[in-house]
Protein chains: 2
Amino acid sequence: MNMANITKKVSWSSRGDDSARGEATPLLNGSEEVRYTRQPSGGLFHISRLSTVDLEEEITSEEDSVRTRPNMIPHNEKLLSLKYESLDYDNIENQLFLEEERRMSHMGFRCLEISRWVICGLIGFLTGLIACFIDIVVEKLAGMKYIVVKQNIEKYTEVGGLSISLILWAVLNSSLVMIGAIVVAFIEPIAAGSGIPQIKCYLNGVKIPRVVRLKTLLVKVFGVICSVAGGLAVGKEGPMIHSGAVVAAGVSQGRSTSLKKDFKIFEYFRRDTEKRDFVSAGAAAGVSAAFGAPVGGVLFSLEEGASFWNQMLTWRIFFASMISTFTLNFFLSIYNNKTGDLSNPGLINFGRFDSDTVAYNLYEIPLFIIMGAIGGLLGALFNFLNYWLTIFRIRYVHRPCFQVIEAMLVAAVTATVSFTMIYFSNDCQPLGQDQTKDDYPLQLFCADGEYNSMATAFFNTPERSVRSLFHNPPGSYNPLTLGLFTLTYFFLACWTYGLTVSAGVFIPSLLIGAAWGRLFGILLSYFTSGSSIWAGPGKYALIGAAAQLGGIVRMTLSLTVIMVEATGNVTFGLPIMLVLMTAKIVGDYFAEGLYDIHIKLQSVPFLHYEAPATSHWLTAREVMSSPVTCFNRVEKVGTIVNTLSNTSTNHNGFPVVIQIPDSDEPGKVCGLILRSQLIVLLKHKVFVERARTRLSQRKLQLKDFRDAYPRFPPIQSIHVSQDERECMMDLSEFMNPTPYTVPQETSLPRVFKLFRALGLRHLLVVDSENRVVGLVTRKDLARYHMGKHGLEELQLAQT
Amino acid sequence: MNMANITKKVSWSSRGDDSARGEATPLLNGSEEVRYTRQPSGGLFHISRLSTVDLEEEITSEEDSVRTRPNMIPHNEKLLSLKYESLDYDNIENQLFLEEERRMSHMGFRCLEISRWVICGLIGFLTGLIACFIDIVVEKLAGMKYIVVKQNIEKYTEVGGLSISLILWAVLNSSLVMIGAIVVAFIEPIAAGSGIPQIKCYLNGVKIPRVVRLKTLLVKVFGVICSVAGGLAVGKEGPMIHSGAVVAAGVSQGRSTSLKKDFKIFEYFRRDTEKRDFVSAGAAAGVSAAFGAPVGGVLFSLEEGASFWNQMLTWRIFFASMISTFTLNFFLSIYNNKTGDLSNPGLINFGRFDSDTVAYNLYEIPLFIIMGAIGGLLGALFNFLNYWLTIFRIRYVHRPCFQVIEAMLVAAVTATVSFTMIYFSNDCQPLGQDQTKDDYPLQLFCADGEYNSMATAFFNTPERSVRSLFHNPPGSYNPLTLGLFTLTYFFLACWTYGLTVSAGVFIPSLLIGAAWGRLFGILLSYFTSGSSIWAGPGKYALIGAAAQLGGIVRMTLSLTVIMVEATGNVTFGLPIMLVLMTAKIVGDYFAEGLYDIHIKLQSVPFLHYEAPATSHWLTAREVMSSPVTCFNRVEKVGTIVNTLSNTSTNHNGFPVVIQIPDSDEPGKVCGLILRSQLIVLLKHKVFVERARTRLSQRKLQLKDFRDAYPRFPPIQSIHVSQDERECMMDLSEFMNPTPYTVPQETSLPRVFKLFRALGLRHLLVVDSENRVVGLVTRKDLARYHMGKHGLEELQLAQT
């Protein structure tokens, strides 16, 4: 809603005529107004439009179109939702703030710095604990389930009637998944999925409602336990990132609004800027706990947070990550009765890749690149299928009960498919010495001392299946098993992602990739007649896993480092990087990354790193919303209340101006005030008249704003009497007196850079006299993006 | 010089009186001017001044003081030099640029993107080659030297007369070092040292003259070979970072100004913004080649470049790093006749730390933290000694011939001390099987089949000594040897850093740390009566090395990752991080990091990540330089030439304003033009009159500016006739029409953030009418820093 401020926009079609005028001629006439007309250059600046939208309609005001369109195009990635507000990473440097900062001593700043470290330590510790809890509970639950099913299968293998085992397995899975899905669908739908897209949005500056609440965390943790134990094709790693972020948002604020408990500590950190830094640390701690990858965690936060690099901040994030992996490691070592043995740094453990036995050679690099391309292709296919599935779900499966039923159905199908695959597989392998503890090998129809190889892949938690694919000695799997497994698991995982359960896509991706990677390795050694130089299908499984994961999620540096840290071996850095790069290039050609697709389908106004390359011909004048609702320094309460109550605009930021008396011209900018600030002012009735009559009235302090953060009450809940409406409010002390401004001629990339680098929420556009002519918000920038055919403009909609 | 624009500054002493006025009272009177007076709060806002400067003198204009002061305080870290210009990371979005961007198609941007990748690949490849070249030549030279000396020592050990060996050794070392020092001192002094401080400054936005020239690279490479082969206590790793940066700056520009060769490619990248990105990649490639640490390289660039994180840019930097380590690895494998064996990813190789044999345990962590503290203390001592030495050198050893003599002296002393230590040592160890190839063991007075243990440390390249300390089995060194070695090497390294030779401090730091770390480990096992749990002094050597290096250079995340990548073992992540953190905290308490000290001693206007914490009470009004020299949109050539020729001001950026006719008021901002642009305009005589008379005259293009970049001719070299002085110049097309501006009330941290996040060179300060009232440049911001007693202000000087 903060975007708003659009009352009327000259639409493209009406301005399109200008472009026929030809040559870019600066109209130099001594005035300060230089205006460029666009050049006609063969569709170069062509704006692709939604074909369903009549151009005629464009000329009507945007307001109208906003109201009418949603029903026509219910869910589409070419829309930008107006329902998301922005976070404000720009400090409001008003008088209150400056006074506080000026009062604070050198020592005070030191104490703040120390609190930041303490908070990061706590975030790491708690995130590690949560990871540990999830791991142990999932282990126990899944263990119990597999043992029950195994015994049942063993019982019926000889006497016949294995269909009973199948039903047992399917029912067990479905019940677990049902519980998880019910919790998510009915209590906290935002806890569905991995949470990574949501955290990406949060770090990008979009306020996703309820994403960092305590309730979300509880539902997430409970949900992920149910869905992983329920045997879905999911992992528990993605949700850790979300969990870490919630922990961070909670700890750093020193209170829980849900529990109505305020510890009266860390009050200084109750604003978006500081909170974001901690949430970055939390996300990093989550990655670190999930993959045992502290550096990867930091890079993930940076890649997604994409903000100005600050040495101390990064160092703190790294500290949180380290503490997190260490806590997990330590408590797991106690749980495993090996106190002090720090060999389990993450939830997923790739096992040891020894550089002696599994080294790669120069001539293998082209092969890796081919695998990267395959990963990119399969990833694009995965994303494409999931895209259609998600569209389908948005349209037809939006009622919670349907969502629960779908989740149960998937769980049952997963069990059935797995069972069928195991049942019809005749790939028997001799039983190793060390497999009894870690796996649940099924003998089924194999000879004594042998086990069903398909079952190692299906009848197991996905983490263990990945590890087996990486490390089992050559010959443990036959190619047909792997091929069938890849095929079925690919579709299962694709179907599963997007269900209303909380679960991640990392592990299924790794598993699919590891399977076809190992298959690739085995086929390779067939074709080279088993020459020893191609030994080690485990290596190919690793590369395949990287390729598949890269093809699906399209992360770059952070994913490379996560993979390298998870393997614990630096040697594989180059091949993993090459593979991820190839997968990204190939994949990007066909479809976007999975997270980006889901962000787009939610119509979130997400800002990328840079403005679209070909957008230099757009200027602030064309991008901004105007006219802008402004307030005077001393404004009538009635005016303010009316403006805030206007639901059709619902603006969030208001320039404060100095009106020239007896003039109709727009006033000169002297500040910017936010809706949230005005709400607090109204609530405390900070009126000029009151200050005069009751001198003893307590002066409003920064604390009052912090106490209200982040859940400011709506304007409707504040009662303002008719008398009070006639009072005046002096905004000078509370407004941000130095908001960032740009002239109207500023190009879009320049506006974008300023906006993004400083994490702004509102950017004022002024004319040469310093008068407000427009306001740029996140949605004004996010609506331009590069499509297949050049610059595209998204529609704004009240979805 | 770009700072300049100071004609008169109200000095602090004159304003100091105001602070007595008391309470911060917003003078709210309906006008837009809110001004805060400072609060008197017990020295909280106390500005420490240089005691040598009379307060009276302050009231005179800064101009005068600049001229008189340098002789009084010749070199002091409390000065800020005016001689350094800034780089401009803000795109000049003038009409020419916008037209070019608008003409460019989607495909054009793709091609640019591909060129960027190609350039990064080339940077990585060439940097790797250079690293390979240095490694092989140093290896050969040092090998020859050690064999000659060894034979000589063996010859004289029995017959007596070892003083001849000493002289031979000293003379060999001195001659090599002499050649290196002569080249550096007489041909390119900027190539001295590791180059890391210079690259830090460059990435920070300071233009260090000649730092990325081809000549610098050649001298650097030649110099480092001589100094390492000459047996100084130096490493060849630091210079690789500088070399990588030079390679990047050269390759990305598609030409060599020194060789007068223009390949007419990559012309788009001929501006500071693009060049900086490539230099980051080059520095990263250098780190990567030096330590086999591609991720560490990327983090180094980010930590030092400290700019906005862009996914594609980071990914490209990583690509350059990967290619660099890969190239080095590949060519070394060919050189070692093991083509395809990729086990030498960096110049320094820490050898394999196997996690089975060298694991750490939980109770060792307090010990590691203690070692971190020791490292911090020793590092601070090192930096402190080196600080005084550098001051001494700046004052008394500034003539090139003295510098060469000092370098030779150090070389001779190093050889003598080493020889003495070896001679008097009676630590004989049995000769291992695998030591003949890699080391140069000296038997000296030891029994047959034994070797002198002191000699492994001294009679070897530092890289090999480090490796021996990490990996030689327990018992290879006795504590006395290690203690003596630490002591002597500490002082030698401290004396050596700052000599006029090109060499780095990484390896000596690691070596000192490894020595006392191993000593620590040995003592530990003594005190615990050799209990097996404390086994492995190599582990303590590694931790000691990290502690010492961290204590000296104070890098954080990047150093952790570099160390982890160099050991090739992720397990040591947490202890290394804890150790580096402790070392930094302890070290920072006593002295700054070595690079920061050297940057300060050069009086470079370096901007840190954030403004000093307690600087909120300073506003743009107080920080800015004013009045500002402005130009009109259409300005008389004579005025421009006169302004540019004024050596007393030497401004680099000029606001372009619209003067209100018949008014004395400052004009309204409508743009910003740089000295370099004006020079090009004058050179091409782009005068309004000419355009009228000769219509056929070629229109000035962006290419003309790019061709002149980066060595714009001085104004003196451009001839402007008396007639031409009367002409007019129209700046509209060339100026940046949308420079960033801030109001006068903006607080320093806010100005700082804007300036730093966008990499600005000039920031205009405007009043409420949009009239220029001041200009903020890098030096205006860099002069405020946190001292021991609160905010300090540096003096500006023409050093």
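The values are calculated or read from the model by the stated rules, or taken from the named source; none is laboratory data. Owing to the predicted nature of the structure, the values given are computational and were not obtained by experimental measurement. Ideal geometry is used to build each Cβ from the backbone, glycine not excepted, and the neighbour counts take in all protein chains shown. Side chains included, ligands, DNA and RNA excluded: accessible areas come from the protein's heavy atoms. Shrake-Rupley method; radii C 1.70, N 1.55, O 1.52, S 1.80 Å.
Below are the figures for this structure:
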quantity	calculated
Residue list for region A:90-147, restricted to those being of a type in the set (Phe, Trp, Tyr) and without any contact (Cβ under 8 Å) to a residue 40 or more places away in the chain	A:Phe109
Unique match (being of a type outside the set (Ser, Thr, Tyr) and within 23 Å of A:Leu141 (Cβ to Cβ)) among A:Asn472, A:Asn460	A:Asn460
Single unsatisfied condition, B:Leu302 versus (1) within 14 Å of chain A (Cβ to nearest Cβ); (2) open to solvent by less than 10 Å² (accessible area, probe 1.4 Å); (3) at pLDDT below 90	(2)
Conditions (1) in contact with a Pro (Cβ under 8 Å, 6 or more places away or on another chain); (2) among the hydrophobic types (A, V, I, L, M, F, W, C); (3) free of Cβ contacts under 8 Å to residues at least 40 places away in the same chain: number failed by A:Ile187	(1)
Number of positions in region B:751-785 that are open to solvent by 10 Å² or more (accessible area, probe 1.4 Å), within 8 Å of chain A (Cβ to nearest Cβ) and within 27 Å of the chain's Cα centre (by Cα)	3
Neighbours by Cβ (under 6 Å, 6+ apart or cross-chain): first from region A:204-222, at positive phi; second part of a helix (DSSP H, G or I) and not polar (S, T, N, Q)	A:Arg210/A:Ile190
Qualifying residue in region B:499-516 (condition: under 23 Å from B:Phe382 (Cα atoms) and among the aromatic types (Phe, Trp, Tyr))	yes
Positions within region A:372-401 being loosely packed, with under 15 Cβ neighbours inside 10 Å and under 23 Å from A:Val183 (Cα atoms), in sequence order	A:Phe392, A:Arg395, A:Tyr396, A:His398, A:Arg399, A:Cys401
Residue match in region B:117-130 (condition: within 14 Å of chain A (Cβ to nearest Cβ), out of contact with any Pro (no Cβ under 6 Å at 6 or more places or on another chain) and in a loop (DSSP other than H, G, I, E, B))	no
Among the residues listed as B:Val138, B:Val212, B:Val221, the single one being of a type in the set (A, V, I, L, M, F, W, C), outside any helix (DSSP H, G or I) and farther than 17 Å from B:Ala415 by Cα	B:Val212
Residue pairs meeting the criteria (Cβ under 7 Å; at least 6 apart or on separate chains; first at pLDDT below 90, in region A:261-282; second of a type in the set (Val, Ile, Thr) and in a helix (DSSP H, G or I))	A:Phe266/A:Ile119
Where B:Gln429 falls short, out of the listed (1) of a type outside the set (A, V, I, L, M); (2) in a helix (DSSP H, G or I); (3) surrounded by 15 or more Cβ atoms within 10 Å (Cβ to Cβ)	(2)
Residue within region B:567-582 that is open to solvent by 10 Å² or more (accessible area, probe 1.4 Å) and more than 14 Å from chain A (Cβ to nearest Cβ) present	no
Helices (runs of 4 or more DSSP H) within region A:627-727 that include 1 or more residues crowded, with 19+ Cβ neighbours inside 10 Å and within 36 Å of the chain's Cα centre (by Cα)	A:637-645, A:675-683, A:702-708
Meets criteria (in contact with a Gly (Cβ under 8 Å, 6 or more places away or on another chain), modelled with pLDDT of 80 or more and assigned to a helix (DSSP H, G or I)) for B:Phe470	yes
Residue that is nearest to the chain's Cα centre (by Cα) [pool: residues in region B:443-469 that are farther than 24 Å from B:Asn152 by Cβ and open to solvent by less than 10 Å² (accessible area, probe 1.4 Å)]	B:Val466
Residue list for region B:324-355, restricted to those being open to solvent by 60 Å² or more (accessible area, probe 1.4 Å), on the phi < 0 side of the Ramachandran plot and either more than 9 Å from every other protein chain (Cβ to nearest Cβ) or at pLDDT 85 or above (or both)	B:Phe331, B:Ile334, B:Tyr335, B:Asn336, B:Lys338
Residue match in region A:734-746 (condition: open to solvent by 10 Å² or more (accessible area, probe 1.4 Å), of a type in the set (Val, Ile, Thr) and either within 9 Å of another protein chain (Cβ to nearest Cβ) or farther than 22 Å from A:Ser603 by Cα (or both))	yes
Residue list for region B:555-566, restricted to those being in contact with a Phe, Trp or Tyr (Cβ under 8 Å, 6 or more places away or on another chain) and within 10 Å of chain A (Cβ to nearest Cβ)	B:Met555, B:Thr556, B:Leu557, B:Ser558, B:Thr560, B:Val564, B:Glu565, B:Ala566
Positions within region B:591-626 being away from chain A (no Cβ under 14 Å) and not in a loop (DSSP other than H, G, I, E, B), in sequence order	B:Leu594, B:Ile597, B:His598, B:Ile599, B:Lys600, B:Leu601, B:Ser625
Unmet criterion (only one of (1) among the hydroxyl-bearing types (Ser, Thr, Tyr); (2) modelled with pLDDT of 90 or more; (3) in a loop (DSSP other than H, G, I, E, B)) for A:Ser194	(2)
Residue check, A:Val246 farther than 19 Å from A:Phe300 by Cα, β-branched (Val, Ile, Thr) and part of a helix (DSSP H, G or I)	no
Residue in region B:699-713 that is away from every other protein chain (no Cβ under 11 Å), of a type in the set (A, V, I, L, M) and more than 23 Å from B:Ser645 (Cβ to Cβ) present	yes
Some residue of region A:529-537 being in contact (Cβ under 8 Å) with a residue 40 or more places away in the chain, assigned to a helix (DSSP H, G or I), within 24 Å of A:Asn460 (Cα to Cα) and in contact with a Pro (Cβ under 8 Å, 6 or more places away or on another chain)	yes
Tabulated pairs, region B:378-400, first on the phi < 0 side of the Ramachandran plot and in a helix (DSSP H, G or I), second of a type in the set (Phe, Trp, Tyr) and open to solvent by 10 Å² or more (accessible area, probe 1.4 Å), C-beta under 6 angstrom, 6+ apart or interchain	B:Ala380/B:Phe590; B:Asn386/B:Tyr497; B:Pro400/B:Phe186
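Here is a yes/no grid of residues against (1) modelled with pLDDT under 95; (2) more than 30 Å from A:Pro473 (Cα to Cα):
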residue	(1), (2)
A:Thr357	yes, no
A:Leu367	yes, no
A:Gly379	no, no
A:Asn383	no, yes
A:Thr414	yes, no
A:Leu431	yes, no
